[in-house]
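Laboratory data are not the source of any read-out in this text; all were calculated from the coordinates shown. Not measured: the values here are computed from a predicted model. No Cβ is skipped: glycine too gets one built from the backbone with ideal geometry, and neighbour counts run over all protein chains shown.
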Amino acid sequence: MKATAGMKPAAASAPSALDELCINTIRTLSIDAVENAKSGHPGLPMGAATMAYALWTRYLKHNPSNPDWPDRDRFVLSAGHGSMLLYSLLHLTGYALPLQELRQFRQWDSKTPGHPESELTRGVEVTTGPLGQGFAMGVGMGIAAHHLAARFNGHGHTPVDHYVYVLCSDGDLMEGVASEAASLAGHLKLGRLVYLYDDNHVTIDGNTSLTFTEDVGERFTAYGWHVQHIDGEDLAAVGRAIEAAQAETGRPSLIVARTAIGYGSPNKAGTAAAHGEPLGADEVRLTKEALDWPLTPEFYVPDEVAAEFRKALPRGQRSEDDWHAKVEAFARTRPDDAALFRRMLAGELTQGWERVLPSFAASDGPMATRTASGKVLNAIAPVIEGLIGGSADLAGSTKTYLEAYPDFSAEEPLGRNIHFGVREFGMASVLNGIARHGGLLPFVATYFVFSDYLRPALRLAALQQSRGVFVFTHDSIGVGEDGPTHQPVEHLASLRAMPGLQLLRPADGNETVAAWKLAIEHPGPTALALTRQNVPVIDEPERIREGTPHGAYVLAEAASGAPDVILIATGSEVAVALGARKILQAEGIEARVVSMPGWGLFEAQPREYRDQVLPPSVRARVSVEAGASLGWRQWVGEDGDIVSLDHFGSSAPASVLFEKFGFTPEVVATRARAVVERTRRQEA
């Protein structure tokens, strides 16, 4: 096998007494933490401890003193319910996770939550727990590493030289998202992916024979993976399998490791009782006796075990130092490439990148915001070198194809267009993996209605603040003839409820440009909701450019500056509101139009600014959005009106649907007129 920098894997051999002691330390730390918390999953850490010990002490290239150095191997615990396995390893190998944090497992303000959280605990690469997603994020990390290696390795230099290891469970492999990602990884022939499958045959309800009797190895062989079957409690077999997987560079690897959940527990090993609850005081005593472990103290780490695990500190520092030396040599030979490499790893944008952003004029004619988005993407791709992404088989329709670049494939890893296939959930989870790997800025695209298929990954993106862009086109009944199955209604309200997600629905081409600028500069995830149908370009480019970052702004002021009514709209309905304003102005009713592309951004503005845009004294307000009314009362108040869509759409041309469902200037003007008259009567 080709050893990674700084690592000298020990020859696979029978476990020594010290090996057994180290493995049992992982088990008992996990047992004690779960017992102390009176909550958790002890079984997986007990059964997978041998695999984890082999990987973390003999093969994993990492530096506990600097968990974020770019060329470390990545370790993903996809089976996040077994979090105490990871916390035990982090503590033992010298990460900044003291024993007190293990004692505080699952407690308030600890660094050891019930499932691993990447933003909370250093050394945790990704947030996992929802099964299958860690598996898919590992594939995203593999794509990122593969692309970066193709870009920067060569001519005797290997600044990108690491593996991605994933520990997954039966539950992970039952989830469809893992199948989507596994199929994609096999198709792309992603080497340097090493997956350890903890095949313990147990889930919460009982033995996997209840529901899961397929031959997993054969399935993955069909996907194009390199598959091995081993005894996961055999330390030598684990070592041989990892080495064989490392040597397989043309395919991802799955090691099917048969283990016993709750290993060592006399009465609960191999049963569902060891999966998701503490063993109980009596069984803890029996288990420790079976493992020849002292009953006290709890959280016991023998001195020789601590010394063995802490060898990771100097070894990791040597690995990082070796990498820095490699990068310095790289910089001497290829200074421009090295400068770009460092900038991409740091997530820095090219100075003045925004100067390439396009601008649109009314003379350009009506344009769908998805079309404007495509023009933005292709304009910025040359100056945002880490931009990479694709769609769920919809590149032409979502306008997300980077025309100057090839497709990413097994044969062309330099490509920047990823074809994800019809795999929305897998696609979004892969984005999270690419983002968490670092060095690239990923985007993905599909129709807005299919955000339902990927919502769990979008939620994890928000939770762990994955920096990436989710492009959702066909954002309303403007989809037209495809009918209610493809017309999103409740989706805007649904995603607005998600903490940590920047959701933007631009009104025209120039708001789309401004929205993309916000997305590129945002440190977390952004979702863009874009139209299929053409909308007019609003002839206020400067006002739009300055106003959009605030989330809402005055797009068209009342002629007198003192509005009788405020029309608030998003997306394609902003044009409808502007049309209604003309009608009202002709009747002597002063109307202000507020474009509100980003609720969350507007909520974050100072109260003074919000009151300037929506003066509390103006109670006559009407919102216009071709989606659910949920949430709009916050902006229109009790006296206002909401022009919305609280039912599913229909199959007809978009123009017909907007007319039939009341999204026309005439209807909005009528509704606004009624609100003005009602508030005037109340004030009289």
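Annotations for the structure displayed:
- A crude spin-label estimate for the pair A497 and H324, with each label 7 Å from Cα along the Cβ direction, gives 4.9 nm.
- Loop-resident sites, the range 36-121, for trypsin sites (Lys or Arg not before Pro), counting at most 14 other Cβ within 10 Å (DSSP): K38
- Sparse packing (at most 12 other Cβ atoms within 10 Å of the Cβ) combined with a DSSP loop state is found for the following trypsin sites (Lys or Arg not before Pro) in the range 264-368: K311.
- Of all lysines in the structure, the ones whose alpha carbon falls short of 24 Å from that of K517, not counting any fewer than 8 places away in one chain, are K375, K399.
- Percent of beta bridges antiparallel (DSSP, the chain, rounded to nearest 5): 10 percent
- Options (1) 107, 60, 52; (2) 96, 51, 49; (3) 91, 61, 45 - which one matches Cα extents along the principal axes in Å as calculated here: (3)
- A simple spin-label model places pseudo-atoms 7 Å from Cα toward Cβ; at D364 and E683 they are separated by 3.9 nm.
- Excluding same-chain neighbours fewer than eight residues apart, the lysines reachable from K660 by a Cα-Cα span under 26 Å are K582.
- Taking 30 Å as the straight-line reach from the Cα of K111, the lysines in range (excluding those fewer than 8 positions away in the same chain) are K38, K61, K268, K288, K311.
- Listed by number, the DSSP H helices of the chain that run 24 Å or longer by alpha-carbon position along their axis and have mean Kyte hydropathy of at least 0.5 are 133-152.
- Computed on the chain, with alpha-carbon pairs under 8 angstrom and 6+ residues apart, the relative contact order is 12 percent.
- Packing order of peptides 662-669, 402-409, 30-37, highest average first: 30-37, 662-669, 402-409 (average count of other Cβ atoms within 10 Å over each peptide's residues).
- Dipole of the chain, positive end: most advanced residue of G134, W632, A507 [Cβ charges, Cα centre]: A507
- For L503, residues with placed amide H under 5 Å, excluding near neighbours: A527, G600
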